[in-house]
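This report refers to the structure that appears directly beneath it.
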Amino acid sequence: MELTPVIAVGLVVALVGFELLHRVRERFGWTGGPMADHAWKWVVPAFVLLVVAAEGRTLASIGWRVESTLLLVWQVAVGLAAMLGTNMLLAPLWSRVGDGGQSLAEGIGSFASLSVSERLFVAVTAGVTEEIPYHGYAVERLAALTGSVPLAGVVSFAAFTLGHLGETWDRQAVLRIAQPALVTTLLYLWFRSLPALIAIHALNDAFGLLVADRYAPEPTEESESSAATSWLDE
């Protein structure tokens, strides 16, 4: 495969599209609440799909492959087991690194104010909007351009991990996010099935977000007093 201007644009969007989108939104003041921030993420995969159409290729070229329903279910089950299993095995190690996971816990706890439906929307959004550009497009195009699947995986993993650095996740949290980012990248290189990875990613995030209340900060006496005063003033 030769690098064309269209593919170059697609790779830029796939690898740094979320950061570019964030800067454009800041530049034009397109801000909103937490849910609006997640809704905006759908712009990146939508643009990637437009690039695929401009290339004259099908969705199969970015990993949209389902050989059978049974195989898909097996891949999702294995992927979830790998994600949750590595979390359990490495938890003791991570507890001794950096801040012991406090930053990651605070990031997860920030979703506690959302309803169950909103948390599920966030989980599905993460699964779809991140897997399409980082794994589906970036891995497949880089592998075709370089002839090296491992190199494509490394580039995708690096972009995927660094792409989470922002307001919700600081450097300490991103260091831990590198673990599931690596696992999902390896799973994609194994399965080469975008639907399977979207399901694995979304289900794994849903599990974490549904227990976000456990990581929510405990109300302080000052916040309780402020809340009571606010209620009395209404």
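The values are calculated or read from the model by the stated rules, or taken from the named source; none is laboratory data. Since we're looking at a predicted model, the values are computed, not measured. In this analysis, Cβ positions are derived from the backbone assuming ideal geometry, glycine residues included, and neighbour counts consider all displayed protein chains. Only protein heavy atoms, including side chains, enter the accessible area calculation; ligands, DNA and RNA are left aside. Shrake-Rupley method; radii C 1.70, N 1.55, O 1.52, S 1.80 Å.
Of note:
- Residue in segment 26-35 that is open to solvent by less than 60 Å² (accessible area, probe 1.4 Å) and either touching a residue at least 60 places away in the same chain (Cβ under 8 Å) or closer than 23 Å to I200 by Cα (or both) present: yes
- On inspection, H201 does not qualify as at negative phi, in a loop (DSSP other than H, G, I, E, B) and open to solvent by less than 40 Å² (accessible area, probe 1.4 Å).
- Criterion (touching a helix residue (DSSP H, G or I) at 6+ places or on another chain (Cβ under 8 Å) and either within 20 Å of M83 (Cβ to Cβ) or of a type in the set (V, I, T) (or both)) met by exactly one of L175, L145, L203, L165: L203
- Taking the listed residues A126, A105, A77, the one that is at pLDDT 95 or above and in a helix (DSSP H, G or I) is A77, with no other qualifying.
- Given (1) surrounded by 19 or more Cβ atoms within 10 Å (Cβ to Cβ); (2) at pLDDT below 95; (3) not small (G, A, S), index of the condition D170 fails: (1)
- Qualifying residues in segment 134-167 (those that are more than 14 Å from I62 (Cβ to Cβ) and aromatic (F, W, Y)) - the one modelled with the lowest pLDDT: F160
- Taken residue by residue, segment 7-23 has at least one member that is more than 17 Å from the chain's Cα centre (by Cα), over 19 Å from A196 (Cβ atoms) and small (G, A, S).
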